[in-house]
1. Which count do you get for residues in segment 140-179 that are modelled with pLDDT under 95, surrounded by 13 or more Cβ atoms within 10 Å (Cβ to Cβ) and polar (S, T, N, Q)?
2. For segment 14-52, what are the residues that are acidic (D, E) and either outside any strand (DSSP E or B) or surrounded by 17 or more Cβ atoms within 10 Å (Cβ to Cβ) (or both)?
3. Enumerate the pairs (first residue in segment 73-98 and closer than 20 Å to P59 by Cα and modelled with pLDDT under 95; second residue anywhere and in a helix (DSSP H, G or I) and not basic (K, R)) with beta-carbon separation below 7 Å, excluding pairs fewer than 6 apart on the same chain, so at least 6 apart or on different chains.
4. For the condition modelled with pLDDT under 70 and either in contact with a helix residue (DSSP H, G or I) (Cβ under 9 Å, 6 or more places away or on another chain) or in a loop (DSSP other than H, G, I, E, B) (or both), what is the one hit in W127, W113?
5. Scanning segment 53-98 for residues that are part of a strand (DSSP E or B) and of a type in the set (G, A, S), which turns out surrounded by the fewest Cβ atoms within 10 Å (Cβ to Cβ)?
6. When segment 132-183 is examined, which residues are found to be in a strand (DSSP E or B) and under 19 Å from G56 (Cα atoms)?
7. Of the residues G41, G18, only one is in contact (Cβ under 8 Å) with a residue 40 or more places away in the chain, farther than 27 Å from V140 by Cβ and more than 10 Å from the chain's Cα centre (by Cα); which?
Amino acid sequence: MKRQDRGRDDGRDEGREGPLEIALVGDLTEAEADLTDRILGVEPGAECTIYFDSPGGSPYCAMSLVTLLKLRGIRATGIVTGECSSAALWPFAACTRRLVTPYSVLLFHPMKWQSEEHIGITEAAEWSRHFAALEKEMDVLLADLFGASPAMIDAWVKTHRYVTGRELVEAGLAEMIPLGPIQR
């Protein structure tokens, strides 16, 4: 199967065989436009590989990426090459196959709100209400995407837990791969 990469003309993927490869590196929010474009470059129902090394970013960005993967029926293999934390957990959990190394690290924590803007008390109160509801919904969704016990995910989130690749495998949420060529 020839790679398809819509909207890119840099020649990086031209003529290469196999699923499209996407690097999700750094802050999700800063890379959102490129990540969205890359996911839209995967044909609906097709396969891709997403490499994760991200501290997270906006939960809205994470939800957008999850929605694209799910609505388009993309069969993504997610590989944590370094860190997959915070908002990056949602697109990783949405992958149909999840791979980690013994050195992979995943940080589960409660969502954080920060605003750089000067806002009024009414808007701040509404944002606080919305944010509390969003946090609960996102935690339930994360457990559902992983196919995990909501109690286990909740315990990790509440304790700001750094979960290693080994621990994720022991919990049945990913497969362990050695540092070597990937077996497809």
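1. Counting residues in segment 140-179 that are modelled with pLDDT under 95, surrounded by 13 or more Cβ atoms within 10 Å (Cβ to Cβ) and polar (S, T, N, Q) gives 0.
2. Here is the first cut: in segment 14-52, the ones acidic (D, E) are 14, 17, 21, 27, 30, 32, 34, 37, 43, 47.
Of everything in segment 14-52, those that are acidic (D, E) and either outside any strand (DSSP E or B) or surrounded by 17 or more Cβ atoms within 10 Å (Cβ to Cβ) (or both) turn out to be E14, E21, D27, E30, E32, D34, D37, E43, E47.
3. So the pair list comes out as A87/P59; A87/C61; A87/A62.
4. Working: W127 fails: either in contact with a helix residue (DSSP H, G or I) (Cβ under 9 Å, 6 or more places away or on another chain) or in a loop (DSSP other than H, G, I, E, B) (or both).
Exactly one of W127, W113 is modelled with pLDDT under 70 and either in contact with a helix residue (DSSP H, G or I) (Cβ under 9 Å, 6 or more places away or on another chain) or in a loop (DSSP other than H, G, I, E, B) (or both), namely W113.
5. G82
6. Step one: filter segment 132-183 for residues in a strand (DSSP E or B), giving 162-164, 175-176.
Those that are in a strand (DSSP E or B) and under 19 Å from G56 (Cα atoms): Y162, V163, T164.
7. Numbers: G41 fails: in contact (Cβ under 8 Å) with a residue 40 or more places away in the chain.
G18 is the lone residue from the list that is in contact (Cβ under 8 Å) with a residue 40 or more places away in the chain, farther than 27 Å from V140 by Cβ and more than 10 Å from the chain's Cα centre (by Cα).
The values are calculated or read from the model by the stated rules, or taken from the named source; none is laboratory data. Not measured: the values here are computed from a predicted model. In this analysis, Cβ positions are derived from the backbone assuming ideal geometry, glycine residues included, and neighbour counts consider all displayed protein chains.
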